[in-house]
Amino acid sequence: FFKQKTAYEIGVRLVGSEMCIRDRALGMEVVAHDPFVDHAEVELLPLEEFWPRCDAISLHAPLPDDTRCMVDAAAFAAMRPGVILVNTARGGLVDHEALAAALDDGTVRAAGLDVTDPEPLPFDHPLWQRREVMVTPHVASATVRGRERMVDMAVEQVLMALAGERPTHLVNPEVLEPPE
């Protein structure tokens with residue numbers, strides 16, 4: 001992995017921005033795609049311009065309808081051969097059948113899946129049999145410090161809401177809109 005030159009982050013908010021810091025520390029050029037961010041510490045490009053540029057792709061996106069299976073056969077076809085794919089965000093971002101085909105044809109060299117769709121991935125799914133695929137049970141944040149940070153962030157968000165401020169990590173902003 002350390003020989004990879006270009007990392008591609010989909011989503012550069014909380015987790016994605018932290019990954020960008022780590023990627024750069026490894027000497028990687030970092031490019032990103034995030035339609036909800038208009039400026040970042042990294043180069044932001046439209047999705048179709050990213051696939052062919054990247055040696056490693058790390059997914060950090062939410063899963064509204066428009067991102068479901070965003071990493072599909074067309075995306076894999078546009079990627080550089082030998083790419084590494086890591087998904088710690090939402091299982092539905094990746095079309096698993098297209099991933100299996102991309103592994104077969106060498107487009108994807110290795111994949112790390114901390115999330116799958118469905119979750120857990122059925123035990124008879126072909127990805128379990130792949131030596132170049134690591135599937136973990138959605139535990140990427142299951143460290144003592146990770147859990148402490150989750151609690152701290154949740155408390156901070158509740159305190160902001162109670163003080164009449166807009167929480168910075170609001171998942172459903174429509175709740176702040178006045179009823180019609």
Answer with yes or no whether Ala111 is within 17 Å of Ala61 (Cβ to Cβ) and in contact (Cβ under 8 Å) with a residue 24 or more places away in the chain.
-> yes
What number goes with the only condition from (1) closer than 21 Å to Glu18 by Cα; (2) touching a strand residue (DSSP E or B) at 6+ places or on another chain (Cβ under 8 Å) that Thr116 does not pass?
-> (1)
Is it the case that the stretch 120-127 has a residue that's in a helix (DSSP H, G or I) and at pLDDT 90 or above?
-> yes
Pairs where the first residue, in the stretch 120-141, is of a type in the set (D, E, K, R) and the second is assigned to a strand (DSSP E or B), C-beta under 6 Å, 6+ apart = Glu132/Ala110
Output the number of residues of the stretch 123-180 satisfying the condition of being charged (D, E, K, R), under 24 Å from Leu99 (Cβ atoms) and more than 20 Å from the chain's Cα centre (by Cα).
-> 3
Go through the stretch 44-54 and give me each residue that's under 15 Å from the mean Cα position of the chain (by Cα) and farther than 20 Å from Ser17 by Cβ.
-> Trp51
Flag for Glu174 being more than 30 Å from Gly112 (Cα to Cα) and open to solvent by 70 Å² or more (accessible area, probe 1.4 Å) | yes
Among the residues of the stretch 127-172, count how many are β-branched (Val, Ile, Thr) and touching a strand residue (DSSP E or B) at 6+ places or on another chain (Cβ under 8 Å).
-> 3
Pro179: open to solvent by 90 Å² or more (accessible area, probe 1.4 Å) and modelled with pLDDT under 90, yes or no?
-> yes
With the first residue restricted to the stretch 51-74 and required to be on the phi < 0 side of the Ramachandran plot, and the second required to be open to solvent by 50 Å² or more (accessible area, probe 1.4 Å) and in a helix (DSSP H, G or I), Cβ contacts under 6 Å at 6 or more apart or on different chains are Ser58/Met19; His60/Val15
Residue by residue through the stretch 156-172, note down the ones that are under 19 Å from Val15 (Cβ atoms) and in a helix (DSSP H, G or I).
-> Glu156, Gln157
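The values are calculated or read from the model by the stated rules, or taken from the named source; none is laboratory data. It should be emphasised that the depicted structure is a prediction, and the values quoted were computed from it without experimental measurement. All Cβ positions, even for glycine, are placed from backbone atoms using ideal geometry, and neighbour counts span all protein chains on display. Only protein heavy atoms, including side chains, enter the accessible area calculation; ligands, DNA and RNA are left aside. Shrake-Rupley method; radii C 1.70, N 1.55, O 1.52, S 1.80 Å.
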